[in-house]
Each structure stands twice: as C-alpha cells, then as structure tokens.
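Let me begin by presenting the structure, written as structure tokens, before commenting on it.
Please treat every number below as a calculation from the coordinates, not as lab data. What you see is a predicted model, and the numbers here were worked out from it, not measured in a lab. FYI the Cβ positions are ideal-geometry reconstructions off the backbone, even for glycines, and counts take in every protein chain you see.
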Amino acid sequence: MASTEITGPAGTVAPARTEPRTTGRRRSPSGTKRENRLSGHGWPGLLFLAPFLVMYLLFIVGPAVYGLVMSFFHTSMVSPGLGEFAGFGNYAEALSSSDFWSALWQTIWFTILTTPPLIALALVFALLAERARRARWFFRLAFFLPYILPSAVVALIWIWMYTPELGLLSRAVTSLGFAEPDWLGDPDFAMVSLAITTVWWTLGFNFVLYLAGLQEIPRELYEASSIDGAGPWQQIRLITVPLLARTTSLVVVLQVIASLKVFDQMYIMTQGGPNYATRSLLQYVFDVGFTDFRSGAAAAASTLFFVVVLAVSAFWLVMTRRQEPEL
Amino acid sequence: MAITTHKDLQPLTSTQAQRYAASADRRMRLFNRCCTGVLIAFALLWLVPLAWALDTALKPNGETIDPTWVIENPTLASFRALLAQGDILNWYAASFITSSLAAAGTVITASLAAYALSRMRFRFRLLAFWFILIGIMIPRQVLIVPQFRELGSVDLLNTYWAVILPSIPTAIAVFVFKQFFDGIPKDLDEAARIDGAGFFHTYRRIVMPLARPAVSAVAIFSFVWAWNDLLWPLLALTNPQIMTIPVGLATVQGTYGIRYADTMASAVLGALPLVLVFLLFQRRIVEGIAGTGLKG
C-alpha cells in the first residue's frame with residue numbers, strides 16, 4: 001500500500017478526489033523557456049520513466065492483459081496460440097466446479113485460522129515489548145527472524161517438528177498427557193497445523209508494525225493519565241488500543257491479503273492433501289494450469305482470485321475512508 | 001478508578017503528591033518487569049524450532065530419533081555431505097545471482113521513474129502516476145500462467161533471466177522512492193539545475209546520494225523477496241543445476257527419508273544467508289516495514 005501517497009494535497013478538505021502532490025499545480029502555469037527547461041517539459045520525463053515502464057509493461061501489465069484474454073479461450077499449455085474461443089465458459093466451469101469452491105473455502109478457512117492469532121498475538125507481544133526497557137533487540141530477533149526465512153526452510157523445519165512420534169511437538173503434546181494428533185495427515189487437523197506454522201513464521205511482520213504504531217502515541221498521554229490515577233491495564237485499554245486503531249486496520253488488511261495468497265506452506269508440507277483438504281486457491285490455479293495443462297481455465301481461476309483480493313482491498317479502503325475522513 | 005474522577009480529588013500537597021507518584025511509579029515498574037518476563041518466555045518459545053533444527057543438524061543421522069537436546073556425538077557430517085554433493089552450492093549461486101540482479105534492477109528502474117514523477121513536469125505525468133499505482137494492486141501470483149507462456153515463447157524458461165526479469169518492475173518501490181524524493185528540498189537540485197547540471201547528473205549526484213535510506217530499504221526488500229520467492233521460480237526453473245535455494249529445497253524435500261539430520265542441515269544452510277542479511281541490516285529492515293508497510 002502506498003499509504004501516504006494516496007492522500008490529497010495539503011489543505012484539501014474533501015479527500016474523495018485524490019491527486020498526487022505537485023508543486024507545479026499551485027504555481028502559475030506560465031511557460032517561459034527557462035522554466036520549461038528546468039521543469040523538464042517534454043521528453044526527459046518520459047525518458048526517465050522508460051526503463052521502468054518497459055519492464056512494467058512486459059512483465060506486469062502485459063501478462064495481466066494476456067491472462068485476461070486467455071481466460072476467454074480454451075488455451076492449452078501444450079499447443080501454441082490461444083485456441084478456441086470459450087466466452088465465459090472457463091468462468092462458468094470454475095464457478096460450477098466443486099474443486100474451485102472447495103479451494104476457495106480452504107483458503108478462507110486458512111485466513112480465518114491465521115488472521116486473529118496473528119493480530120492478537122502481535123499486539124500483545126508489542127505491548128509487552130513496549131514496556132520492556134531492555135532486550136528489545138532480543139525480541140526483534142526472536143519474533144522477526146523467522147519472517148525473513150524462505151518458506152522452504154520453514155516448511156522443512158516444521159515437517160520435522162510434526163513428524164509422528166519423533167517430532168518435537170508430537171513429544172511435547174504426549175508428555176503433557178494428550179493424544180498426539182496426526183498433525184499433517186488428518187484432513188481435519190492439517191490446516192490447523194499449517195496455521196500454527198504460519199503464525200510462527202509471519203508474526204514478526206505484524207509485531208514490527210505494531211511496535212512502530214506504539215512509538216507514535218504521545219508519552220504525555222500516559223503521564224497525564226497516570227497522574228489521574230490510571231493503572232497500566234486502564235492505560236492499555238483506554239489509551240493504547242484505541243490510538244492503535246489505524247495501525248490495526250492496516251495490519252488486518254495486509255494480513256488478510258497475505259493469507260489469501262497462501263501457497264508455499266501447503267505446496268511443500270501437504271501438497272494440498274490429505275484428500276485435497278488443504279488445497280489453496282493458488283494451488284488450484286497451479287494444478288489446473290501446470291498439471292492439467294489447461295492455461296485458459298487456470299487464467300480464469302487467476303482472475304477470480306484477483307477479484308477476491310481486489311474486493312478485500314476495496315472494502316478496506318471504503319471502511320478506512322469512512323472511519324477517518326482525513327486519511 | 002476511572003480517569004474522570006480527578007475532579008473529585010482534593011488538591012494535593014507537594015509531599016502527598018510525591019509519595020503518590022512514587023508508589024504509582026513502583027507499581028508501574030513492577031508491572032513492566034512482569035511484562036518483560038512473560039515476553040522473554042514467549043521469545044524463547046519462538047526460538048525453539050530454530051534451535052531444534054540446528055540441534056538435529058549437528059547429530060549423526062542415526063541419533064536424531066533420541067528425544068534429547070543433548071548431542072552426544074556432535075558432527076558436521078551432514079553439512080559436509082551436502083556440500084560435497086554440490087547441488088546446494090549451485091542453488092546458492094542461482095539465488096545469489098538472481099536476487100542481486102533483481103534488486104539492482106528494481107532500484108535503478110524504480111528510482112529513475114520516481115525521480116521523473118517527483119521532479120519533472122511533462123505530458124502524461126498524471127497518467128503515468130495512476131498507471132503505476134494500479135500495479136500495486138496486482139498480485140504477482142495471478143500472472144504465473146501468462147508469464148509462463150510469455151517467457152516460454154522467447155525460450156527464457158530455465159534460465160536465470162526467467163526469474164530476474166519479472167521481479168524487476170516493482171510498483172511499490174517507485175512510490176517508496178517518490179515519497180522519499182518528495183521529502184528532499186527542491187532548492188538543492190534546482191540550484192544545481194540552474195548551474196547547468198542535467199537531469200541525470202542531478203539524479204545521480206544529488207538526489208540519489210541523499211536517498212540512501214530509501215535505496216537500502218528497496219534493495220534489501222527486493223533481495224529478500226526474490227530470494228524467498230517460491231511459486232514462480234518453481235515453475236520457471238526445472239533444471240536442478242540452476243534452481244534457487246527455495247525451489248531446490250522444496251524439490252528434494254522428502255528424498256532424504258528418515259535422514260533427519262541431513263534434512264535439517266539443508267534447512268540450516270538454506271537459512272544461513274538470510275540470517276546474515278538479518279543480522280547485518282536488522283535496523284534497516286525493521287524501519288523499512290514500519291515506514292512503508294512493505295509486505296511480500
């Protein structure tokens with residue numbers, strides 16, 4: 001999210017119409033030759049933009065358009081050309097396929113399982129870290145280090161943690177007197193195991209965002225409230241959490257989108273199984289496109305996935321606009 | 001005690017106030033110490049999987065089924081075997097080459113574009129701005145199918161370029177740079193321009209050196225994203241000789257069978273470069289996230 005860039009020019013009251021900040025706008029649009037040369041009218045501007053725009057067109061916008069077109073054709077990966085025109089056939093097929101809905105549901109289920117703990121734990125840890133005067137670097141190391149490890153490394157470590165009978169978690173659970181779940185082999189439990197791994201892996205990101213949000217709360221508020229006799233718990237409930245609302249809304253939307261995009265953990269740890277119980281939407285695209293070689297159908301599924309992600313972002317934008325008119 | 005009750009309080013004498021403040025202070029300190037204790041416990045819990053992986057990797061394969069942290073016969077045999085076998089060195093090379101070039105490409109193209117958007121006025125400027133902004137909304141994952149056909153049609157699949165080129169254009173990086181450039185006083189480069197310096201000179205000699213924090217944030221993030229990317233490289237690289245670390249590890253996962261020490265040694269080796277990046281750039285990474293909310 002380009003957070004601040006979406007804000008209007010300083011002093012604008014209605015934020016509905018957003019414009020990039022330009023000094024030129026407020027200056028008189030006089031076009032003396034010298035000013036033209038200084039401000040770069042004409043080609044130099046496009047010249048600077050060119051390297052980015054060329055790459056952007058070739059590898060982002062181009063493929064996006066190509067994919068959209070392909071989604072209306074029976075394109076196959078093993079033959080050249082777009083193939084037969086399909087109309088909305090690929091979309092109709094995906095929307096009437098139980099595999100697609102199951103993958104969508106698995107993805108949403110994963111999002112439901114991961115988002116609340118990833119936000120609540122990150123907030124609690126950040127609140128605790130804020131009160132610890134020392135050892136901050138240690139907390140950052142412990143919580144944030146997993147976040148920058150490759151998914152494959154995380155998956156290998158957790159497959160070992162979950163290994164029946166031998167894995168560390170299996171042993172911990174049995175030594176506490178519980179029956180050991182079949183972590184990755186039980187269709188009902190596999191997603192929970194994947195969620196635990198994901199919480200461990202990505203919590204650090206939200207933790208850091210919350211730490212930054214906490215820095216912005218003015219110290220005087222705490223001092224004033226403690227003179228008024230507020231205890232630490234009241235301070236957290238009445239000052240810290242309400243003032244973190246903005247951070248929380250950012251954390252929530254980034255987290256939901258990241259969870260919807262899940263692929264790696266499932267691909268490596270369960271291959272979408274057992275019995276497709278952990279197949280995510282992206283893996284559905286992957287399977288249709290690269291196992292069944294049906295590029296057109298996969299492109300249609302990608303487009304549907306994109307619509308879901310876009311809907312979440314749009315919902316978030318509308319909600320935050322309504323909450324804080326100044327944003 | 002609700003905060004609003006302060007109206008009912010009698011004015012305090014200064015000694016009373018001091019005593020009161022001191023007791024509140026003590027209470028707060030105690031509370032803070034409890035917080036620290038709880039958090040240390042959680043942080044240690046968070047480090048267990050990493051410690052356990054390292055612990056396992058240092059055992060001989062046969063002893064990994066012992067449920068103990070104590071390593072009776074510590075050995076580097078698993079690491080040695082992996083390095084001798086050689087695939088992982090190829091993967092290191094692939095990851096290093098692709099991630100560095102992707103990061104360099106992103107920094108150069110995005111900063112040039114941002115400079116134009118921040119400092120120059122030209123036709124289509126606003127159009128370009130919105131056009132790039134849209135790119136932030138497109139998740140790369142939805143592009144895998146068309147990208148595969150595109151790169152296949154020019155025979156670039158199974159080359160480093162297949163991984164490098166698509167990761168160069170990063171719309172969010174343009175805005176990170178633009179935001180930073182907008183904060184640099186225009187007088188500085190306008191003075192240089194009046195003295196006759198060209199746009200490129202101003203960009204290279206004045207704006208970029210001042211934008212070091214933005215450069216390093218974008219460079220580190222592009223590098224880490226490219227290094228950790230799995231979905232696209234998995235599709236684009238099927239030749240084990242040129243796989244990146246995540247693809248290689250994901251592919252051989254399972255082939256170790258019950259050689260848990262070997263598996264964990266490969267995980268540790270795969271993690272090592274990023275642990276180094278983290279330790280070297282900890283502050284920059286954290287500031288980058290806090291300042292921009294960049295998320296892969």
- Provide the FRET efficiency to the nearest 0.05 for the A:LEU221-B:LEU45 pair, computing r from the beta carbons and using R0 = 30 Å. 0.40
- Query: Extension gain A:MET319-A:LEU166, at 0.36 nm per residue separation less the Cα-Cα distance, in nm?
  - Reply: 50.3 nm
- In terms of the alpha carbon gyration tensor, root eigenvalues a ≥ b ≥ c, rounded if a/c is under 1.5 and otherwise prolate when a/b exceeds b/c or oblate, region A:98-292 is prolate
- Message: Suppose R0 equals 25 Å. What FRET efficiency, 1/(1 + (r/R0)^6) with r the Cβ-Cβ distance, do B:ASP87 and B:ILE258 give to the nearest 0.05?
- Response: 0.80
- Item | Average Cα contact separation per residue, region A:98-292, under 8 Å, 6 or more apart, as relative contact order % | 37
- B:LYS59: which aspartates and glutamates have alpha carbons under 13 Å from its alpha carbon, excluding same-chain residues fewer than 8 sequence positions away? B:GLU72, B:ASP262
- Evaluate the Debye formula for chain A with equal point scatterers sitting on the alpha carbons, no solvent, and hand back log10 of I(q)/I(0) at q = 0.06 Å⁻¹, in q order, two decimals. -0.33
- Task: Could you work out the longest stretch of chain A that avoids the GluC sites (Glu not before Pro) located in DSSP loops with at most 12 other Cβ atoms within 10 Å?
- Result: A:217-325
- When a footprinting reagent is the concern and you count Cβ atoms within 10 Å, what order do A:TYR284, B:TYR92 take, fewest first? B:TYR92, A:TYR284
- Using r as the Cβ-Cβ distance of B:GLN282 and A:ALA92, and R0 as 56 Å, what FRET efficiency do you calculate, to the nearest 0.05? 0.65
- Query: Tell me, what is the percent relative contact order of chain A, built from C-alpha pairs under 8 Å that lie six or more residues apart?
  - Reply: 26
- Of the convex hull drawn through the C-alpha atoms of region B:214-296, the volume per residue in Å³ is 110
- Task: Just report the Cα centroid separation between region B:82-98 and region B:200-242, whole Å.
- Result: 20
- Query: Can you give the Kirkwood hydrodynamic radius of region A:158-271 from its Cα pairs, in Å with one decimal?
  - Reply: 17.3
- Task: Compute the signed sum of charges (Lys and Arg +1, Asp and Glu -1) over the other residues within less than 10 Å, Cβ to Cβ, of B:MET264.
- Result: 0
- Query: How many percent of all Cα-Cα pairs in the protein assembly as shown sit more than 44 Å apart?
  - Reply: 27
- Note on the structure: The base-10 log of I(q)/I(0) that the Debye equation returns for region B:84-292 at q = 0.10 Å⁻¹, one scatterer per C-alpha, is -0.53
- Message: Testing the spin-label approximation: label points 7 Å from Cα along Cα→Cβ at B:SER153 and A:HIS74. State their distance in nm.
- Response: 2.1
- Item | Relative contact order, percent, chain B [alpha-carbon distance under 8 Å, six or more residues apart] | 29
- D for region B:160-279, whole µm²/s, Stokes-Einstein with Kirkwood Rh over alpha-carbon pairs at 25 °C and 0.890 mPa s: what number? 139
- Taking a ≥ b ≥ c as the square roots of the eigenvalues of the Cα gyration tensor, with a/c under 1.5 meaning rounded and otherwise prolate when a/b exceeds b/c and oblate if not, region B:8-151 is oblate
